Amino acid sequence: MMTDDPLRFKHVIIDPEGPQNPHIKAVRDVNHDGFIDIVVASSNGGPLVWYEYPDWTRHVISPSGRWSTDGQLLDIDGDGDLDVLISNHGANRLEWYENPLPRGNPATDSWKLHIIGGIRAHNIEVDDIDKDGEIEIVTRQQAKQGNRIVVWKRGDDGNWRNRFISCRIGEGLAVGDINGDGRSDIVISGDWYEAPEEILEGQWEKHGYACWTPDAVVKLSDMNKNGRLDIVLSRSEGHYRLSWFEAPEDPTRGWVDHWAGGRDSGWIEHVVDDSVDYVHGLAVCDMNNDGELDVVAAEMHQSPQKRVMVYLNKGGAVKWECQVIAHTGSHNICVADIGNTGYLDIIGANWSGEYQPVEMWMQLPPKR
């Protein structure tokens with residue numbers, strides 16, 4: 001049901017004492033019961049756990065570790081259930097945990113550890129980049145170590161090979177088909193890299209699209225419904241703005257180096273909010289079921305404002321209405337329909353600081 005009234009949320013504490021410094025938050029159906037579950041991991045020696053809907057019973061996947069910021073739930077071994085792809089910065093490696101399903105029980109049986117390779121990651125994305133029917137992994141570190149993108153592809157022997165793509169220092173990435181050639185490209189702050197036919201051997205050509213800070217959260221979505229993927233950016237580590245960049249008909253037009261004062265690339269910036277800071281959590285989705293893409297954003301606990309916000313799209317993705325639903329901050333938020341109610345909910349936790357519960361803002365139906 002669509003309404004112009006403010007969205008309604010109920011605050012739910014999933015775990016008041018979750019894994020310490022919970023960097024990773026991921027949501028999907030872990031146990032195949034038809035309902036979304038929640039995965040959270042500590043970055044400070046604590047456990048990697050999943051919370052089972054509806055009572056949020058906590059189950060341990062691994063009792064201790066130092067996992068980095070990002071993680072993905074996907075079927076890595078092709079057996080029909082969701083495994084956990086994660087970066088262990090304590091062990092300096094990319095790894096995955098095998099879901100005991102379909103023969104076992106993910107709530108009671110052990111999750112087998114598999115090592116992909118000895119490169120840690122701040123950002124992890126997955127996609128079938130070259131459309132060969134197999135999932136590839138794209139990772140990136142942060143800050144000075146974020147000067148390269150790593151593309152991982154699994155061979156017939158089950159081992160993962162990788163190749164490096166040099167990039168500007170920083171953090172954040174997204175994967176999607178920017179130029180419409182059927183292959184998935186890689187997008188970071190300010191630049192996107194065009195996927196070649198041979199993703200491990202070919203040349204990933206760089207194209208500029210914006211002048212932005214090195215640290216960013218990057219999301220891809222067709223904001224104006226013209227059939228082209230646009231790019232949504234926030235600054236993840238400080239004060240800046242939240243914007244989306246409208247893709248031109250030719251997204252490769254005129255490679256320009258904005259940092260060197262080059263000319264316009266053809267991508268048009270639309271500012272959503274220029275007052276945000278430390279927005280390390282970002283989602284693009286239809287929150288009020290009106291058919292328009294909205295933006296959900298959360299400022300981390302370092303922000304003096306610590307807002308969790310929904311930006312409602314009030315026309316063509318150029319007019320926005322901000323609704324603040326919390327002032328406690330959050331990090332790496334996820335958005336999903338918990339409980340299959342037909343309304344999207346927001347899940348998150350601060351990665352550090354005094355307030356770290358795993359929590360949810362459960363959306364309620366509008367008042368009739």
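Every read-out reported here was derived from the displayed coordinates using simple, explicitly stated rules and does not represent laboratory data. Computed from a predicted model, the values in this text were never measured in an experiment. All Cβ positions, even for glycine, are placed from backbone atoms using ideal geometry, and neighbour counts span all protein chains on display.
Listing for the model above:
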| quantity | calculated |
| --- | --- |
| Distance in nm between pseudo-label sites at residue 181 and residue 156 (7 Å out along the Cβ direction from Cα) | 2.7 |
| Over the chain, relative contact order from alpha-carbon pairs under 8 Å, at least 6 apart, % | 14 |
| Normalised alpha carbon radius of gyration of the chain [divisor 2.2 N^0.38 Å] | 0.96 |
| Cut-off under 5 Å, modelled amide H: who pairs with residue 147 long-range | 170 |
| Whole-angstrom gap from the stretch 262-331 to the stretch 97-112, using each part's C-alpha centre | 37 |
| Size of the stretch 178-300 as Cα extents on the principal axes (Å, biggest first) | 40, 34, 27 |
| Protection proxy ranking of 333-342, 206-215 - average other beta-carbon atoms within 10 Å, highest first | 206-215, 333-342 |
| FRET E, pair residue 115, residue 340, Förster distance 35 Å, beta-carbon r, rounded to 0.05 | 0.50 |
| Among 273, 77, 55: highest mean-square fluctuation, GNM of the chain, C-alpha pairs under 10 Å | 55 |
| Ellipsoid equivalent to the stretch 69-206 - semi-axes via the Cα gyration tensor, in Å | 26, 18, 12 |
| Modelled FRET efficiency - R0 41 Å, residue 289 with residue 92, Cβ distances, 0.05 increments | 0.40 |
| Point-charge dipole on Cβ atoms (K/R +1, D/E -1) for the stretch 1-160, about Cα centre, debye to 20 | 920 |
| Cα extents of the stretch 1-160 along the three principal axes, largest first (Å) | 48, 41, 38 |
| Computed lengthening from residue 324 to residue 200, 0.36 nm per intervening residue step minus Cα-Cα distance | 40.3 nm |
| Cα-derived Rg to Rh of the stretch 22-78, Kirkwood definition | 0.97 |
